[in-house]
Amino acid sequence: MSLAELICPAGTPAALRTAVDAGADAVYCGFQDATNARNFPGLNFTPEELAEAVAYAHAKGAKVLLALNTYPPAGKVDLWRQAADTGARLGVDAFIVADMGVADYIARTHPGIRLHLSVQAAASSPEAIRYYCENFGVKRVVLPRILTIPEIRQIRKEIPCEIETFIFGNHGLMVEGRCSLTNYLTGQSTNMDGVCSPASDVEYARHADGSMSSQLAGFTIDCFGAEEKAGYPTICKGRYTAPHRPKGYYAFEEPISLNLSQLLPELIDAGVHAFKIEGRQRSKSYVRGVVTAFRKAVDDIRAGRPANMADLVALTEGQKQTQGAFETKKWR
Amino acid sequence: MSSTVDTNPRNRTIGGAVVSRLACAAVQPILSRVVRRVAARHPSLFARLGPHQSTDFLIDPIELPFALHLRPDPKALVFRAVPRDAAPKAGAVIRGRFLLLLELMDSEEDGDAAFFSRDLEVAGDTEAVVRLRNALDDVDGSIAEEAAAMFGPPGKAILARLRRAYSET
Ligand code: SF4
């Protein structure tokens, strides 16, 4: 059986301690800059905070993975290199990278530290994954959320590294963060600036009938009826009108969260080494609830007991959940 | 921006306005003490607020007879109760049930989940709200408990009773 490590998110030092205390095997986090894909206001770690976080996690037997999972704009690699050097100095256990230049720098400069390939790299074929393993010594790939379990099982047989898959959280996968629509509207790039739908460009307005519209950079991207559940103000989850759809429809994806709790045994059996919970932008309350539930489920499965998952639907976007492509390719 | 919209019909009567002003006067000394204490104990809060230390937040517990005006400037902290019809023009507004706001402050509830369920409403500068949320989320322990403890056993008893009353509704 695989290790079935639980990889948990932390946007603040307090969230990291919460995740470790709730049973995370590893916690992933980032610095307060464009080197990671959750470069949100007021979120993330200073180097001093990361040093304390690493000490806290290691004292309790948990690992810290540093997300350096954005792409440096051409010729501007210093920020990423400095972040890698700082992370190495502070003793992080692995770097999560997407860019080949960043991977190459770390492989040469800090060869003793593990490299994990971020979902942002969108490596979904054995050939692509092997390329990263052979050239940069990648030890683990985080698979894009577009594969079925039989496909994952097959890939596992053909690659020399560990597999990590998402099991819970935000489901925004228009080629895994390579969306250029948000860049078009806001001038900021998910890939290079680390931020999709920057909060400074988001505005909500409540209307007299109780409905609420969300706007991104002045464009209305959804309007929720008085009784309707809401979602994140991201372009991919927007509801748009078109001449043939005058009432508005989700052109790309619905506001919905991934929840693979029911598929955990199959994923473990398929050879998945680690399970990732999305949500560095979420609160300690979310981290506590989701990590506790999945810790118990993984432990139950390892011990041969049926896993009894807590109901996590209240924490899902739009209060709806899906098994996405993991269950069937019919999911769009 | 809809920051000063009076959402509570009770406040729109003359009697409502009087009650609101009396309530503000009654809670003001408590609020001042609480905010000074929280700021002194959790100075790291301010770094996460960044440029929004000088933003005026209107925190609007929908069922209370007043709203709260917060300006988290460490050099000139403002936290005061204001009648809704006299609330200042705020940069950001956070609106919801009182206990929900209390639980969000203590990270007992998840802000995104409360937003998805529409129990929490935000308006104005979304970045300011996100920064305040992240700053509060990095505080270990319960700010509500700390504040209640400042007033000894009566403070703790009031908080416990408040929580009970809400959990029964
Ligand atoms: S709009 Fe959606 S797919 Fe595009 S970057 Fe944002 S979350 Fe990702």
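Anything in region A:223-236 that is open to solvent by 10 Å² or more (accessible area, probe 1.4 Å), within 16 Å of the ligand (Cβ to nearest atom) and not β-branched (V, I, T)? List them, or say none.
The answer is A:Y232, A:P233, A:C236.
Could you tell me whether any residue of region A:216-232 is at negative phi, assigned to a helix (DSSP H, G or I) and not assigned by TED's automatic domain parsing to the domain that holds A:A34?
So far as region A:216-232 goes, no, none of its residues is at negative phi, assigned to a helix (DSSP H, G or I) and not assigned by TED's automatic domain parsing to the domain that holds A:A34.
Which ones in region B:118-146 are in a helix (DSSP H, G or I), over 13 Å from the mean Cα position of the chain (by Cα) and touching a residue at least 12 places away in the same chain (Cβ under 8 Å)?
B:T126, B:E127, B:A128, B:R131, B:N134, B:A135, B:D137, B:E145, B:E146
Against the condition modelled with pLDDT of 95 or more and part of a loop (DSSP other than H, G, I, E, B), how does A:V272 come out, does it pass?
yes
Does A:S197 satisfy the criteria of being away from the ligand (no atom under 12 Å from the Cβ) and touching a Phe, Trp or Tyr at 6+ places or on another chain (Cβ under 9 Å)?
No; evaluated as a whole, the condition is false for this residue.
Enumerate the pairs (first residue in region A:231-260 and among the hydroxyl-bearing types (S, T, Y); second residue anywhere and more than 16 Å from the ligand (Cβ to nearest atom) and in a strand (DSSP E or B)) with beta-carbon separation below 6 Å, excluding pairs fewer than 6 apart on the same chain, so at least 6 apart or on different chains.
Between residues of region A:231-260 that are among the hydroxyl-bearing types (S, T, Y) and residues that are more than 16 Å from the ligand (Cβ to nearest atom) and in a strand (DSSP E or B), the close pairs are A:T241/A:G248; A:S257/A:Q321.
Can you name every residue in region B:96-120 that is aliphatic (A, V, I, L, M) and farther than 21 Å from A:A226 by Cβ?
B:L99, B:L102, B:L104, B:M105 - these are the residues of region B:96-120 that are aliphatic (A, V, I, L, M) and farther than 21 Å from A:A226 by Cβ.
The values are calculated or read from the model by the stated rules, or taken from the named source; none is laboratory data. Note that the structure is predicted; figures quoted are calculated from it, not measured. Neighbour counts run over all protein chains shown; Cβ positions are idealised from the backbone, glycine included. What goes into the accessible areas is simple: the full protein's heavy atoms, side chains included, and nothing from ligands, DNA or RNA. Shrake-Rupley method; radii C 1.70, N 1.55, O 1.52, S 1.80 Å.
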